[in-house]
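Asker: The following block contains the structure, expressed as structure tokens.
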Amino acid sequence: MYGFFYQYTALATLNYVSVYLGAIMYGLVMSKFLVANQVVKEVAVA
Amino acid sequence: MKLTIRFHPLLFQASLAAGGVALMAFNYLHFAIPHRKGPITLDDISWGIMSPSQVALYAPMVLVMLAFTLLNLLLTVYFLHRLVKWLREPGAYRAFRSNAQGNQNAGIFAIVGSLSMTVNVFWAPFGFFIPQMSRHMQAMMLPSLVIFGLLLTALIFLEVTFGRTWFAPGIDRTKFNFVWLLDAFAFGLVALTGSGIVAMASSHLIVDIAARATLFTLGVGSIILLYKVGYLTFNHVKAGQLPAHPVMPAFFLIVPMACLFGLAAYRIENYLAPAAGGSGLASTLITASYVLAVVWGLGAIYVIRDYFRSYFVKSPFAPPQWGFV
């Protein structure tokens, strides 16, 4: 596995970058989700 | 924070996506840092002898993995609690199942997909932080095989049950979108779980059972994936227009699926390699799957570029947005 994966530095870079991109996108989508949840909560209270 | 949003199986996409980020971080550390045999653990990283640049490279990765591992596990427990309550609501599951227009009921597969992901998170990122657990991995192989069997059984049951609704009279399948691929995604995740057992277990019996079941999962999943991708692509091209904004991110589902099917096939081919004479097919399979993932990802960004430019940032939440992660 080592030889296979890391003879391709590009794959390693892709893997590294994708972790942070994934984390950023997760934060964005989760914040939208929490806003939607807040709207539902306010509607329920009203 | 208490969630007020009504339960929907697609909520499990949040835990699934968190598991995906944790697993990607683990994958990087596992292959980038030399370590003892087996999955890398925190004990394997000698921070003291690393250069500052190496510490700067790996330490944030470990923190990201910790955060998303905890997120995956906590959300899974919470959503399972909500799922049980939902299943107890009279008629809730039946109403959801029968709502096949626009493949709205395909979200049920997010549950199986997320639970499969959690098994992988438990083995890898969670084991990273609890080295004792990682050192006793063999003791977990039989329970893992049982869980894999349960997930596969649930998946087949749901595929048959929900498959009937999609092909029932009166259902307009030309209105289906890429969210319909969630079942193939779940097949990929269950295959990843099975192939993980094949790669890790030392018991020949466990490996043999897991390999056969994984081959079956991969075979069925591939047929479903090819059929659906072909059908949906044909329909989208024929319609000559993109789907509505909220479902556009579902185009990205192909990216993780390509990697999942490729990695699972790679592990199975490695298991079969002695019989096949080591053809190098394994390397070709995984390289092809990663190339497909990159090409499809770039193609999807190009096709829905206007969505990113003028819609996404200010858009309200839509479950397919988890597809980006």
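Every read-out reported here was derived from the displayed coordinates using simple, explicitly stated rules and does not represent laboratory data. This structure is a prediction, so every number in the text was calculated from the model and none was measured. Every residue, glycine among them, receives a Cβ derived from its backbone with ideal geometry; neighbour counts consider all protein chains shown.
Asker: State all residues of region B:238-247 that are part of a helix (DSSP H, G or I) and closer than 14 Å to B:Ile304 by Cα; if no residue qualifies, say none.
Answerer: B:His245, B:Pro246, B:Val247
Asker: Continuing with the same structure: In region B:199-217, which residues are over 22 Å from B:Pro39 (Cα atoms) and either touching a Gly at 6+ places or on another chain (Cβ under 7 Å) or not hydrophobic (A, V, I, L, M, F, W, C) (or both)?
Answerer: The answer is B:Arg212, B:Ala213, B:Thr217.
Asker: Could you tell me which of the residues B:Phe234, B:Phe261 is surrounded by 22 or more Cβ atoms within 10 Å (Cβ to Cβ) and either out of contact with any helix residue (DSSP H, G or I) (no Cβ under 7 Å at 6 or more places or on another chain) or more than 23 Å from B:Leu142 (Cβ to Cβ) (or both)?
Answerer: It is B:Phe261.
Asker: Right, next: Please state which one of B:His81, B:His35, B:His8 is in contact (Cβ under 8 Å) with a residue 60 or more places away in the chain and more than 25 Å from B:Thr217 (Cα to Cα).
Answerer: Values: B:His81 fails: in contact (Cβ under 8 Å) with a residue 60 or more places away in the chain; B:His35 fails: in contact (Cβ under 8 Å) with a residue 60 or more places away in the chain.
Only one candidate qualifies: B:His8.
Okay, residues lined up against (1) within 12 Å of another protein chain (Cβ to nearest Cβ); (2) within 17 Å of the chain's Cα centre (by Cα); (3) at positive phi:
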{"residue": "B:Gly196", "(1), (2), (3)": "no, yes, no"}
{"residue": "B:Leu205", "(1), (2), (3)": "no, no, no"}
{"residue": "B:Gln241", "(1), (2), (3)": "no, no, no"}
{"residue": "B:Met248", "(1), (2), (3)": "no, no, no"}
{"residue": "B:Leu253", "(1), (2), (3)": "no, yes, no"}
{"residue": "B:Ile268", "(1), (2), (3)": "no, no, no"}
{"residue": "B:Tyr271", "(1), (2), (3)": "no, no, no"}
{"residue": "B:Leu285", "(1), (2), (3)": "yes, no, no"}
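Asker: Restricting the search to region B:1-60, which residues are small (Gly, Ala, Ser) and within 10 Å of chain A (Cβ to nearest Cβ)?
Answerer: B:Ala14, B:Ala17, B:Ala18, B:Gly20, B:Ala22, B:Ala25, B:Ala32
Asker: For region B:301-325, give me each residue that is among the basic types (Lys, Arg) and either assigned to a helix (DSSP H, G or I) or at the interface with chain A (Cβ under 8 Å from one of its Cβ atoms) (or both).
Answerer: Listed by number, the residues that qualify are B:Arg305, B:Arg309.
Asker: OK, next. Yes or no: B:Met133 more than 19 Å from the chain's Cα centre (by Cα) and assigned to a helix (DSSP H, G or I)?
Answerer: yes
Asker: Taking region B:284-325 as the search range and keeping residues that are among the small types (Gly, Ala, Ser) and in contact (Cβ under 8 Å) with a residue 12 or more places away in the chain, which one is surrounded by the most Cβ atoms within 10 Å (Cβ to Cβ)?
Answerer: B:Gly323
Asker: What residue, among those in region B:159-211 that are surrounded by fewer than 18 Cβ atoms within 10 Å (Cβ to Cβ) and among the aromatic types (Phe, Trp, Tyr), is nearest to B:Leu253 (Cα to Cα)?
Answerer: If we take residues in region B:159-211 being surrounded by fewer than 18 Cβ atoms within 10 Å (Cβ to Cβ) and among the aromatic types (Phe, Trp, Tyr), then B:Trp166 is nearest to B:Leu253 (Cα to Cα).
Asker: Looking only at region B:200-207, decide whether some residue is under 18 Å from B:Ile223 (Cα atoms) and out of contact with any Phe, Trp or Tyr (no Cβ under 9 Å at 6 or more places or on another chain). Give the steps one after another, and end with the answer.
Answerer: Taking region B:200-207 as the starting set, the residues that turn out to be under 18 Å from B:Ile223 (Cα atoms) are none.
No, that holds for no residue.
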